[in-house]
1. I need the full set of residues from the stretch 232-250 which are open to solvent by less than 10 Å² (accessible area, probe 1.4 Å) and of a type outside the set (A, V, I, L, M, F, W, C), in order please.
2. For the stretch 94-105, give me each residue that is in contact with a helix residue (DSSP H, G or I) (Cβ under 9 Å, 6 or more places away or on another chain) and open to solvent by 10 Å² or more (accessible area, probe 1.4 Å).
3. Can you pull out the residues in the stretch 109-149 that are farther than 21 Å from PHE176 by Cβ and in a loop (DSSP other than H, G, I, E, B)?
4. Every residue in the stretch 60-89 that is assigned to a strand (DSSP E or B) and either modelled with pLDDT under 95 or out of contact with any helix residue (DSSP H, G or I) (no Cβ under 7 Å at 6 or more places or on another chain) (or both), please.
5. Out of SER190, SER177, report the one residue that is closer than 27 Å to GLN257 by Cα, at pLDDT 95 or above, among the small types (Gly, Ala, Ser) and crowded, with 18+ Cβ neighbours inside 10 Å.
6. So for the stretch 245-252 (the condition being at pLDDT below 95, within 28 Å of MET353 (Cβ to Cβ) and not in a loop (DSSP other than H, G, I, E, B)), does at least one residue qualify?
7. For the list (1) open to solvent by 10 Å² or more (accessible area, probe 1.4 Å); (2) free of Cβ contacts under 8 Å to residues at least 60 places away in the same chain; (3) not in a helix (DSSP H, G or I), I need the number of the one condition that PRO364 fails.
8. Checking the conditions here, which among VAL41, VAL36, VAL21 is touching a residue at least 24 places away in the same chain (Cβ under 8 Å) and assigned to a strand (DSSP E or B)?
Amino acid sequence: MANLFENYTLPNGLSIRNRLVMAPMTTYSGNEDGTVSDAEVEYYARRSKGVGVVVTACTHVTENGKGFPGQFAGYADQFIQSLKRVADAIHEGGAKAVLQIYHGGRRSIPEEVPNGEIVSASDVAFPGNATPRPLTIEEIKGIIKAYGETTRRAIEAGYDGVEIHGANTYLLQQFFSGYTNRRTDEYGGSIENRMRFPLELVDEVKNVVAKHATKPFIIGYRFSPEEEEETGITMDQTVQLIDALADKGLTYLHVSQGDFYTKPHRFSGDKNKTRVEILLDTIQGRTPLIGVGSIYSLEDAEKASQSGVDLLALGRELLIEPNWVQKAEAGDLNIPTKMDKSKQKELVIPDPMWQMLHRPGWIPGM
């Protein structure tokens, strides 16, 4: 990788000021009516002054796709002005704004969706949650359209792109995984059938962008490489999906994992390689890859950049130090890498999000 802090031009011609991305992190801090809260707007404004791109927390594309309390919505035109507040706050800091779009599927919250009914690829419940109803073919097509419609809203709200959230066990991953997808129709069974939903969805988003965007617009895709369950996603299966996605002309692919150097658990190839190395071997330069995972210090970032990834995402570290990029670029060797629990207000972290940061082991220092 070239200098982390130099301008980088994405495949669609859009220039970003550096190769550093703010990873999407759930804030739990939206208003009850699905609009963005003032606290969230301030949170994004605080963190947009250094990175090249900010990827927002996920917004649900249908009313029954809500997976978190306090989540801001994107499933209807009434939310365009709300979404615009976040895009504007990010732009004021000089970063590009990317809206992450998703459906919670079996991880949606019964208390917060119409009639308490949650849906998924099949009737496999998430631990502790209600059993979902399998989607019909017609409903699948409707959700694909809903991703497109939310993309249109992102364009109208002034975003520079969308990131399709195919990671972290939400609906797209539920269709791709043999553990959660027990279907016997064209959306289940073989890996080709299980890839059908995400690939058709990517095509829909691309068509909407071609129709509505008047300037280069980012389309990213985030994915989780493996699952623990015996019939869940393996690294070999992810290689097949990523190979297909790399041919789709996306602006980037974004791996989701807790540690940058994780090696595959189940893989028929070289298990001494990290997942990132395997993904780069698969992509072969067809589209940029964003790497992520426990990057806190400048030394961490420089070491990770030597892997050959095109862009690096920072998540928890930007909660700990919102000015990380500015300090790192200036060569500051004393950037904090543990949360200072006395600085919530200075760090501009909304109360509901702050409470969630107290989960054991989730963020250093808490």
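1. Across the stretch 232-250, the qualifying residues are GLY232, THR238.
2. Result: LYS96, single match.
3. Restricting attention to the stretch 109-149, the residues satisfying the condition of being farther than 21 Å from PHE176 by Cβ are 109-117, 128, 130, 149.
ILE109, VAL113, GLU117, GLY128, ALA130 - these are the residues of the stretch 109-149 that are farther than 21 Å from PHE176 by Cβ and in a loop (DSSP other than H, G, I, E, B).
4. Looking only at the stretch 60-89, we keep the residues that are assigned to a strand (DSSP E or B), and these are 60, 73.
Once the filter is applied, which keeps residues that are assigned to a strand (DSSP E or B) and either modelled with pLDDT under 95 or out of contact with any helix residue (DSSP H, G or I) (no Cβ under 7 Å at 6 or more places or on another chain) (or both), the stretch 60-89 yields only HIS60.
5. Details: SER190 fails: crowded, with 18+ Cβ neighbours inside 10 Å.
Result of the check over SER190, SER177: SER177.
6. No, the stretch 245-252 contains no residue that is at pLDDT below 95, within 28 Å of MET353 (Cβ to Cβ) and not in a loop (DSSP other than H, G, I, E, B).
7. So PRO364 meets the others, but not (2).
8. Selected residue: VAL21, the only one of VAL41, VAL36, VAL21 that is touching a residue at least 24 places away in the same chain (Cβ under 8 Å) and assigned to a strand (DSSP E or B).
The values are calculated or read from the model by the stated rules, or taken from the named source; none is laboratory data. Predicted model, so just to flag it, every value in this text is computed and none were measured. A quick note on method: Cβ atoms are made from the backbone with ideal geometry, for glycine too, and the neighbour counts reach across all protein chains shown. When the accessible area is computed, the model is the full protein with side chains, heavy atoms only, and any ligands, DNA or RNA have been set aside. Shrake-Rupley method; radii C 1.70, N 1.55, O 1.52, S 1.80 Å.
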